[in-house]
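Here's the structure, in structure tokens; my notes come after.
Readers should treat all values here as calculations from the given coordinates under stated rules, not as data from a laboratory. Keep in mind the model is a prediction, meaning the values are calculated, not measured. When we count neighbours, we look across all protein chains shown, and the Cβ atoms used for this are built from the backbone with ideal geometry, even at glycine.
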Amino acid sequence: MEEILKNYNNKFDLYGDDWSKIFDLSHSNIEGNKIKKIYNGNLCIDFGSKCGSLTLYPRSIEIIENGGLLLQLKQIDSNEVLDNTLIDLLLTILNHLIIILRGCSMMKISIKNK
């Protein structure tokens with residue numbers, strides 16, 4: 001999380017009361033229509049529920065229903081909820097995303113050095 005905030009601070013927002021205990025955030029939990037707008041069209045990284053380890057739970061469903069792209073840690077029931085082919089596809093997409101983000105970081109570093 002520190003690396004993401006360091007490299008993408010102006011393009012990344014972190015929400016959650018627990019995160020605000022670790023990082024200096026100008027906001028914590030946001031609810032209602034505002035959160036729906038935040039989810040829509042954005043990549044939403046979700047580390048899962050603190051109440052359990054299910055793939056689909058209220059927040060993950062809300063992200064999907066409001067047009068967010070859900071990037072989530074693999075949960076206990078992921079193989080049951082998601083087809084193995086879909087899991088393989090998602091892992092491939094995640095690997096490509098990591099490569100793209102690394103490339104963006106390298107571009108940012110080389111631009112700063114010029």
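Across segment 44-79, the qualifying residues are those that are in a helix (DSSP H, G or I) and in contact (Cβ under 8 Å) with a residue 12 or more places away in the chain, and the one among them that is surrounded by the fewest Cβ atoms within 10 Å (Cβ to Cβ) is 62.
Looking only at segment 20-38, which residues are surrounded by fewer than 15 Cβ atoms within 10 Å (Cβ to Cβ) and either among the aromatic types (Phe, Trp, Tyr) or not in a loop (DSSP other than H, G, I, E, B) (or both)?
Residues satisfying the conditions are 21, 22, 23, 33, 34, 37.
Within segment 1-38, which residues are farther than 21 Å from residue 100 by Cβ and within 13 Å of the chain's Cα centre (by Cα)? Correct list: 15, 16, 38.
With respect to residue 41, is the statement that it is at positive phi and surrounded by 10 or more Cβ atoms within 10 Å (Cβ to Cβ) true?
Criteria met by residue 41.
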